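A short write-up of the structure that comes next.
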Amino acid sequence: MTDLQWARISNDAFNVALFAYIAAMVGYFVHLSFKRDAFWRVARAVAVIGVVANLASVVARGLAADRVPWGNMYEYSSMLALLVVVGALVVVEGVYKVRSLTGFALMFSVLTMAVAVSFLYVGPGPLVPALNSYWIKIHVQAAIWGSSLFALGGIATIAYLVVDRAERKKLEALGAQSPPPIMGGAIDLDAADDARAGAAPSDLVPDPAEDVQAVLARRRLVPSAAGLDRLAYRIIALAFPIWTFAVIAGAIWAQEAWGRYWGWDPKETWSFITWVVFAGYLHARATSGWKGRRAAVIALVGFASLLVTYYAVNLFIVGLHSYAK
Amino acid sequence: MSSPQRLSLSQSVALVWRTLRSMRTALILLLLIALASIAGSLLPQRPNSPERVLQYRAEHRFWGTFLDRAGLFDVFGSWWFVLITTLLFVSLIACLVPRTRALWRALRTPPMQAREIDAFPQFAEIRVAAGPDLAIDSARRALRRRRFRVARDSSRPALAAEKGVAREVGSLAFHWAFILLLAGVIYGKGTGFSGLIAVVEGQTWVDAEANYDGTIQAGRFFDGFTGVGLRLRDFGSDFLRSGQPMDFVSSVDLQAPDGSLLRQQDIRVNEPAKIEGLWIYQSGFGWAPVIEVTDRGEVVWSGPVVMDRDPAPEGVVELAMPWRGVVKLPGTGAQGTDRAIELELWPDSRAFAALLDPGAEPQAMLVAFEPIIRFSVWEGPLSDLSSSGLDTASMREVSAGIVGAERTADLGGGASLAEGDAESGSGSTISFQELREYSVFQVARDPGLPLVLAAAILILVGLLPALYSSRRKVWIRADPDGDGAVLRMGGLAMQRKPQFEDEFARLVEALATAAGGSPPPSPANDGAQDLPGDRAQVSQAGSQAGSQAGSQERVQTP
């Protein structure tokens, strides 16, 4: 097949993937609201179709351009979307048995792909000499894997903050119901935190209006705040070494290409900021007084910093990485 | 009569030290570094793009001056950035030293025995057939097999065991690596250098201070040049028709200081040459026509003229722009005044010809094709003799013309001269003998690289156990119970508590098997058979004590 045919196949597969992700996202949200396993099965199958199409698009793109298919922002976005969905299906659903985040991961991928196809599309072509190095395989791959996991960690963190807020409200209601505390009997929030690790307050105070089945189904679907917090931490702790490696590999490449391993180029600066913020998150989780919501806010700042590192630096800030478009 | 609140000097020092050591301080310093970096990425920075700083200052007069005073156009070199970094590293060291000492001590002392085993978050009590001492022995073997460090209590049948010291070792390695990184960066900056050189095809460049044209940036402790040589045999470039560059390659001979050939190499973008600690990078290229100027038959100038390209105006590709150079001839003009010849090279004369057509688009010049040089001759005092730039303020243009490659032209009238016809005309000629290319190399030396690389590897290697390993401790005590013994086992995990619950359960089962299955002392032999299922009754109190785990967690990290 010719390069042109491969390019067309890649674009078609990209569209198939995008629409499959949109459909799967809707399916997962329907599953979240109606809590029927059938919706989940269908949504998951459609998401898998999207993954296959997305992968085909990436591979065909590489064949069309005769090089690695992650040489510009369009290609990077496509691969990022792919890995976020794969990560949601394999890590979040597969390893940690949490289904409720996949819809949001799909939403992230859909937005990423929509932005890519609307604003960042370029036809397949050869790389400029500055990018033509085997380090593009190492550095860029590490950056995509790290970014996709950070994105999943960010999604889990947002879910944690939402669920935590809801649980706190229920806990307050619980506190109001219980007899007024006697001396020394005030509710200790930390102890409450620990109590939540075992069971969600929604189970402690069953709402008589809801039937037991629905409560149980909801409980299985949306993990407790503590569980989401732990999940977010696990994913970020997985992403952090990969991101560290990506930054180090970038520095080695910079030494090979530009004659210095670090020059505070905007991309270097922002990948460092992202690294520092997530390092702060990991430390905050180990510091009393910073656990829980404060650490989660730091993780959200890291997530925002990641988006700046990718989009704003490439598109709006002049620097050595501004070749992407 | 000092007030009780006032601190003595030593108390204040201790307070400052404690504050620096705290994680809160480290977190705030990390945050400040992140904020400073954001400013450094949004505002133009002098080391990266001085011209954009000038432009910014011209556009924002008041703010420009204000930001410049605050050091915000060189954030990463400003005193306050250095201060924050220094504080962070002091905080880091203040935290690392006691932790390292504690780890060292912990590694050399056996795990501590526990008094109250049933107070730990994980607790189990099992009955085993073996007697207390034998049960503890088999427990010790089982724990050793699982790579626990085990210490037996000397006074009674009990033991303490721990595992996962790799977490603290990894964490300390990760954090110490930043000290190593800083050392490598400072050492490299202090003893290294970086500069730019332009070498014309056929010419040889030697690593010496004078040959860097003032572009050199050397560290304070830089200790001299190597004297190695580089001869540019050939430079080649390859463009797509769209003007996208595909390849830049310089074929060079690398020479020892005595001029002998060390090796031949192609230098490309992403493929620097490394010789004697020097890294030589492909950084740019340009045209260098070989020009000969004669005056009344005498050669007054001969050699390649290194040219620069005009900056392209908005909407025009750089490759469409002509190249400029100057030949300065002091004292060769009329009545002994200075003379200078401005040269404008069109490597592809078709692009020049196309521009003669009004309204034509500028054409990119991807290859040399019948190149031409437009020249203009100036007379008057030269302000400087540098090889680039001509200040024509006090000079006047006396003539102009065009000369093609391998042609000779009269400097006075510009008419192309036939071979051997140099005697006619103004008496001065210019020959465009040959069109060569020059290659711009960045030459850099950074003796800190091995240290920095080692630090980077240590950061990665230390990070993995620091994040994924977990410290857990197990205590076991055996009390005689009839013919056998009751094993009381306590467990505590500092991290990954849910996983430890499972691990602890498996451990209890394994110990029950080990101690129950081992041959009990002879008098107790028969009694042991009476145990139901030859095993043990396992009662676990793990989950009920789980809620205490949170309060036990004391993780100290810088």
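The values are calculated or read from the model by the stated rules, or taken from the named source; none is laboratory data. No experiment lies behind these values; they were computed from the predicted model shown. No Cβ is skipped: glycine too gets one built from the backbone with ideal geometry, and neighbour counts run over all protein chains shown.
Would you point out which residue out of A:Ser33, A:Ser100 is surrounded by fewer than 23 Cβ atoms within 10 Å (Cβ to Cβ), modelled with pLDDT under 95, in a loop (DSSP other than H, G, I, E, B) and hydroxyl-bearing (Ser, Thr, Tyr)?
Values: A:Ser33 fails: in a loop (DSSP other than H, G, I, E, B).
Going through A:Ser33, A:Ser100 in turn, the sole match is A:Ser100.
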Legend entry - Residue selected from the range B:95-115 under the condition touching a residue at least 12 places away in the same chain (Cβ under 8 Å) and either hydroxyl-bearing (Ser, Thr, Tyr) or touching a strand residue (DSSP E or B) at 6+ places or on another chain (Cβ under 8 Å) (or both), by the criterion nearest to B:Leu20 (Cα to Cα): B:Thr100
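Results for (1) within 18 Å of the chain's Cα centre (by Cα); (2) more than 9 Å from chain B (Cβ to nearest Cβ); (3) of a type in the set (S, T, N, Q), shown as yes or no for each residue.
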| residue | (1), (2), (3) |
| --- | --- |
| A:Ala246 | yes, yes, no |
| A:Gln255 | no, no, yes |
| A:Trp264 | no, no, no |
| A:Thr269 | no, no, yes |
| A:Phe272 | no, no, no |
| A:Phe278 | yes, yes, no |
| A:Ala286 | no, no, no |
| A:Trp290 | no, no, no |
| A:Gly302 | yes, yes, no |
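Starting from residues that are assigned to a loop (DSSP other than H, G, I, E, B) and more than 7 Å from chain A (Cβ to nearest Cβ), keep the ones in the range B:30-47 and report whichever is nearest to A:Gly302 (Cα to Cα). Walk me through it before giving the result.
Applying the first criterion (assigned to a loop (DSSP other than H, G, I, E, B)) to the range B:30-47 yields B:43-47.
Add one more test, that the residue is more than 7 Å from chain A (Cβ to nearest Cβ), and what stays is B:43-44, B:46-47.
Values: B:Leu43: 21, B:Pro44: 23, B:Arg46: 27, B:Pro47: 27 Å.
By that ranking, first place goes to B:Leu43.
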Legend entry - Residue in the range B:61-82 that is in contact (Cβ under 8 Å) with a residue 40 or more places away in the chain, away from chain A (no Cβ under 14 Å) and part of a helix (DSSP H, G or I) present: yes
Inset, instruction - Among residues belonging to the range B:250-267 that are crowded, with 18+ Cβ neighbours inside 10 Å and farther than 20 Å from B:Phe225 by Cα, point out the one that is farthest from the other protein chains (Cβ to nearest Cβ). - result: B:Gln265
Inset, instruction - Check the range B:384-394 and report whether any residue there is assigned by TED's automatic domain parsing to the domain that holds B:Ala334, within 51 Å of the chain's Cα centre (by Cα), in a loop (DSSP other than H, G, I, E, B) and modelled with pLDDT of 85 or more. - result: no
Legend entry - Residue, nearest to B:Pro447 (Cα to Cα), within the range B:253-291, restricted to residues that are part of a loop (DSSP other than H, G, I, E, B) and of a type outside the set (Asp, Glu): B:Gly277
Legend entry - Only one of A:Ala47, A:Ala38, A:Ala56, A:Ala24 that is assigned to a helix (DSSP H, G or I) and either in contact with a Lys or Arg (Cβ under 6 Å, 6 or more places away or on another chain) or within 27 Å of A:His139 (Cβ to Cβ) (or both): A:Ala56
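B:Ser171: away from chain A (no Cβ under 14 Å) and among the hydroxyl-bearing types (Ser, Thr, Tyr), yes or no?
Details: away from chain A (no Cβ under 14 Å): no; among the hydroxyl-bearing types (Ser, Thr, Tyr): yes.
Against the criterion (away from chain A (no Cβ under 14 Å) and among the hydroxyl-bearing types (Ser, Thr, Tyr)), B:Ser171 does not qualify.
Considering B:Leu92, B:Leu159, which residue is surrounded by 17 or more Cβ atoms within 10 Å (Cβ to Cβ), in contact with a His (Cβ under 9 Å, 6 or more places away or on another chain) and touching a residue at least 40 places away in the same chain (Cβ under 8 Å)? Steps first, please.
Details: B:Leu159 fails: in contact with a His (Cβ under 9 Å, 6 or more places away or on another chain).
Of B:Leu92, B:Leu159, the one residue that is surrounded by 17 or more Cβ atoms within 10 Å (Cβ to Cβ), in contact with a His (Cβ under 9 Å, 6 or more places away or on another chain) and touching a residue at least 40 places away in the same chain (Cβ under 8 Å) is B:Leu92.
Identify all residues within the range B:253-289 that are of a type in the set (A, V, I, L, M, F, W, C), closer than 30 Å to B:Pro322 by Cβ and free of Cβ contacts under 8 Å to residues at least 24 places away in the same chain; write none if there are none.
First, pick out the residues of the range B:253-289 that are of a type in the set (A, V, I, L, M, F, W, C): B:254, B:256, B:261-262, B:267, B:269, B:273, B:275, B:278-280, B:285, B:287-288.
From the residues that got through so far, the ones that are closer than 30 Å to B:Pro322 by Cβ too are B:267, B:269, B:280, B:285, B:287-288.
Across the range B:253-289, the qualifying residue is only B:Val269.
Among the candidates B:Thr294, B:Thr332, single out the residue that is part of a loop (DSSP other than H, G, I, E, B), away from chain A (no Cβ under 14 Å) and either in contact (Cβ under 8 Å) with a residue 24 or more places away in the chain or among the aliphatic types (A, V, I, L, M) (or both). Lay out the reasoning, then the answer.
On the way: B:Thr294 fails: part of a loop (DSSP other than H, G, I, E, B).
That would be B:Thr332, the only listed residue that is part of a loop (DSSP other than H, G, I, E, B), away from chain A (no Cβ under 14 Å) and either in contact (Cβ under 8 Å) with a residue 24 or more places away in the chain or among the aliphatic types (A, V, I, L, M) (or both).
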Inset, instruction - Kindly indicate whether any position in the range A:159-171 is crowded, with 23+ Cβ neighbours inside 10 Å and outside any helix (DSSP H, G or I). - result: no
Inset, instruction - Among the numbered conditions (1) among the hydrophobic types (A, V, I, L, M, F, W, C); (2) surrounded by 19 or more Cβ atoms within 10 Å (Cβ to Cβ); (3) part of a strand (DSSP E or B), tell me where B:Phe225 comes up short. - result: (3)
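Of all residues in the range B:412-424, how many are more than 16 Å from B:Arg339 (Cβ to Cβ) and either outside any strand (DSSP E or B) or modelled with pLDDT of 80 or more (or both)? Explain how you work it out, then say what you get.
First, pick out the residues of the range B:412-424 that are more than 16 Å from B:Arg339 (Cβ to Cβ): B:415-424.
In the following step, the residues that additionally are either outside any strand (DSSP E or B) or modelled with pLDDT of 80 or more (or both) were identified as B:415, B:418-424.
Of the residues in the range B:412-424, 8 are more than 16 Å from B:Arg339 (Cβ to Cβ) and either outside any strand (DSSP E or B) or modelled with pLDDT of 80 or more (or both).
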Inset, instruction - Taking only the range A:272-294 into account, find how many residues are touching a residue at least 40 places away in the same chain (Cβ under 8 Å) and part of a helix (DSSP H, G or I). - result: 6
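Restricting to the range B:109-124, what's the tally of residues that are outside any loop (DSSP other than H, G, I, E, B) and either modelled with pLDDT of 90 or more or crowded, with 23+ Cβ neighbours inside 10 Å (or both)? Spell out how you get there, then give the answer.
Here is the first cut: in the range B:109-124, the ones outside any loop (DSSP other than H, G, I, E, B) are B:117-119, B:122-124.
After this cut, where a residue has to be either modelled with pLDDT of 90 or more or crowded, with 23+ Cβ neighbours inside 10 Å (or both) as well, the list is B:122-124.
Summing the residues that are outside any loop (DSSP other than H, G, I, E, B) and either modelled with pLDDT of 90 or more or crowded, with 23+ Cβ neighbours inside 10 Å (or both) in the range B:109-124 gives 3.
Can we say B:Gln55 is closer than 24 Å to A:Arg260 by Cα, within 14 Å of another protein chain (Cβ to nearest Cβ) and free of Cβ contacts under 8 Å to residues at least 40 places away in the same chain?
Numbers: closer than 24 Å to A:Arg260 by Cα: no; within 14 Å of another protein chain (Cβ to nearest Cβ): yes; free of Cβ contacts under 8 Å to residues at least 40 places away in the same chain: yes.
In short, no.
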Inset, instruction - Could you list all residues from the range B:425-461 that are in a helix (DSSP H, G or I) and surrounded by 21 or more Cβ atoms within 10 Å (Cβ to Cβ)? - result: B:Val452, B:Ala455, B:Ala456, B:Ile459
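In the set A:Ser118, A:Ser147, which member is surrounded by fewer than 21 Cβ atoms within 10 Å (Cβ to Cβ), more than 14 Å from chain B (Cβ to nearest Cβ) and either out of contact with any helix residue (DSSP H, G or I) (no Cβ under 9 Å at 6 or more places or on another chain) or not in a loop (DSSP other than H, G, I, E, B) (or both)? Give the derivation first.
Numbers: A:Ser147 fails: surrounded by fewer than 21 Cβ atoms within 10 Å (Cβ to Cβ).
Among A:Ser118, A:Ser147, only A:Ser118 is surrounded by fewer than 21 Cβ atoms within 10 Å (Cβ to Cβ), more than 14 Å from chain B (Cβ to nearest Cβ) and either out of contact with any helix residue (DSSP H, G or I) (no Cβ under 9 Å at 6 or more places or on another chain) or not in a loop (DSSP other than H, G, I, E, B) (or both).
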